[in-house]
Amino acid sequence: MVRYESGLIEEIKANVNIVDIISQYVVLKRKGRNYFGLCPFHNEKSPSFSVSENKQIFHCFGCGAGGDALLFIQKIENISFNEALEILAEKANITLPKIETSKEEQEKLHIQEKVYQINEFAANYFHKNLYNSSAKPAQEYVKKRKLNNATLQNFQIGYSGNFDDLYQELKKNGFQDQEIFESKLVIRSKNGKPSDAFKRRLMFPIKDVKDRVIAFGGRALDDSKPKYINSPDTVCYSKGRNLYGLNIAKKTDKDFIIMVEGYMDAISLHQRGINNVVASLRNSSYRETVKTIKKIYI
């Protein structure tokens, strides 16, 4: 694990207010010197969760949870110490120094960067496929949904091919099997051969708030079941921490967000000029979705 100097950690904590941090997750009301709310770490009906602005700590009299802002972020987000520190550093407008990492960590970062590259390559590949003669089912569908070319390009909507088409293209462009399988865009078939995870589907690239392609959703254009399939969690993607279209919605000047159910719902509204719209990603919890929105809008 990367280790930061204790002085830097204390500086970051000193430049954030624990009440502001926790208020993004818990409704707090002031009572005397402290703030109280319902504990986010266990179910309760009466507020026993206390936050001290003077001491910059929290404590739950119900379940015993307690600590500083850094520990709260770790616990509420279920992330590592360094990930929590990065979040607080960003809120404190402090840039963390680059620190040498172990060989194992360097390898993980290398794989992650390669998966980002593979995702970007796949998004472009699928989008180009949409304009090929083999993509007639997809072309008919987007025409039926009245999507114009600007919308198709803005959202990089595409079409996946057959069998191992994407795998073969990735190999031609120098990507290695380990990296390709880590992306989860290619899987092992029953006979052990590489097989594309998405076949003959309308493709929706999913991007994070940094505009990186992190995953995909694919809609069947025939009677295949399920109608929609989505990327599983990868080294670049976690369903609970992302929303479709958030990379665009966060750039608007609106101070609120509209959440709809599916990709096409969001895309249709964007085409009509309503850009502060996101779609929930299937299998993500309501609680995780709310936390994701709060990070951007609060």
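Just a few scattered comments:
- Count of segment 54-72 residues, restricted to those that are hydrophobic (A, V, I, L, M, F, W, C), touching a residue at least 24 places away in the same chain (Cβ under 8 Å) and surrounded by 16 or more Cβ atoms within 10 Å (Cβ to Cβ), is 6.
- One residue alone among 138, 65 is under 27 Å from the mean Cα position of the chain (by Cα), more than 22 Å from residue 233 (Cβ to Cβ) and small (Gly, Ala, Ser), and that residue is 138.
- Failed condition for residue 12, given (1) modelled with pLDDT under 95; (2) among the aliphatic types (A, V, I, L, M); (3) out of contact with any helix residue (DSSP H, G or I) (no Cβ under 7 Å at 6 or more places or on another chain); (4) part of a helix (DSSP H, G or I): (3)
- Within segment 250-265, considering residues that are closer than 26 Å to residue 232 by Cα and in contact (Cβ under 8 Å) with a residue 40 or more places away in the chain, the one surrounded by the most Cβ atoms within 10 Å (Cβ to Cβ): 263
- Selected residue (only one of 117, 106, 156, 168 is modelled with pLDDT of 95 or more and over 21 Å from the mean Cα position of the chain (by Cα)): 168
- Residue 98, sole failed condition from (1) surrounded by 12 or more Cβ atoms within 10 Å (Cβ to Cβ); (2) free of Cβ contacts under 8 Å to residues at least 12 places away in the same chain; (3) closer than 30 Å to residue 174 by Cβ: (1)
- Near pairs, Cβ below 6 angstrom, 6+ apart or cross-chain, from segment 171-183 (in contact (Cβ under 8 Å) with a residue 24 or more places away in the chain) to any residue that is basic (Lys, Arg) and outside any loop (DSSP other than H, G, I, E, B): 179/114
- Residues in segment 203-253 that are basic (Lys, Arg) and modelled with pLDDT of 90 or more: 4 in all.
- Lone unmet requirement of (1) touching a residue at least 24 places away in the same chain (Cβ under 8 Å); (2) in a helix (DSSP H, G or I); (3) polar (S, T, N, Q) for residue 93: (2)
- Among the residues making up segment 118-144, those that are surrounded by 13 or more Cβ atoms within 10 Å (Cβ to Cβ), of a type outside the set (Gly, Ala, Ser) and either within 17 Å of residue 265 (Cα to Cα) or touching a Phe, Trp or Tyr at 6+ places or on another chain (Cβ under 7 Å) (or both) are 118, 126, 129, 130, 141, 142.
- Against the list (1) under 23 Å from residue 108 (Cα atoms); (2) not in a loop (DSSP other than H, G, I, E, B), the condition residue 168 fails is (1).
- Test result for residue 155, surrounded by 19 or more Cβ atoms within 10 Å (Cβ to Cβ) and touching a strand residue (DSSP E or B) at 6+ places or on another chain (Cβ under 6 Å): no
- Residue check, residue 79 farther than 30 Å from residue 173 by Cα, among the aliphatic types (A, V, I, L, M) and not in a loop (DSSP other than H, G, I, E, B): no
- Criterion: at pLDDT 95 or above, within 23 Å of residue 110 (Cα to Cα) and buried (at least 18 other Cβ atoms within 10 Å of the Cβ) - qualifying residue of 181, 198, 175: 175
- From 82, 43, residue being in contact (Cβ under 8 Å) with a residue 60 or more places away in the chain and not assigned by TED's automatic domain parsing to the domain that holds residue 184: 82
- Inclusion of residue 108 among residues that are closer than 22 Å to residue 238 by Cα and in a helix (DSSP H, G or I) is warranted.
- Residue count for segment 18-63, restricted to those that are assigned to a loop (DSSP other than H, G, I, E, B) and over 18 Å from residue 86 (Cβ atoms): 23
The values are calculated or read from the model by the stated rules, or taken from the named source; none is laboratory data. None of the values given here were measured: they were computed from a predicted structure. Glycine gets a Cβ as well: all are built from the backbone with ideal geometry, and neighbour counts include every protein chain shown.
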